[in-house]
Amino acid sequence: MQADVVDQAPLVLEELTREQVLDWRTRAAKDHQLVFDHIDRYGEVSAQRLFTRVFVEQVTRLSRLELLTKRRFRPRNVGI
């Protein structure tokens with residue numbers, strides 16, 4: 001039940017620690033649906049801030065090309 005409450009709480013990027021941001025980015029690299037879910041809920045600008053603009057552009061571009069479903073996409077190593 002606690003997970004439902006956390007899922008409903010808005011994500012405030014400024015309140016995330018460096019470790020939390022890195023965790024989000026690591027999970028998004030493994031599951032690109034996190035990027036699309038974030039865009040749907042918070043908008044593309046927020047996704048670009050959290051995951052980096054380059055990563056979001058790569059994921060959305062490759063998604064349009066349907067490459068994400070055919071093979072594992074490995075983005076360039078991007079830091080904070």
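Points worth noting:
- Failed item, numbered, when Val56 is tested on (1) on the phi > 0 side of the Ramachandran plot; (2) touching a residue at least 12 places away in the same chain (Cβ under 8 Å): (1)
- Checking each residue in the stretch 9-40 for being at pLDDT 95 or above and of a type in the set (Lys, Arg) picks out Arg18, Arg25, Arg27.
The values are calculated or read from the model by the stated rules, or taken from the named source; none is laboratory data. Remember, it's a predicted structure, so these values are computed and weren't measured experimentally. Positions of Cβ are backbone-derived with ideal geometry, glycine not excepted, and every protein chain shown enters the neighbour counts.
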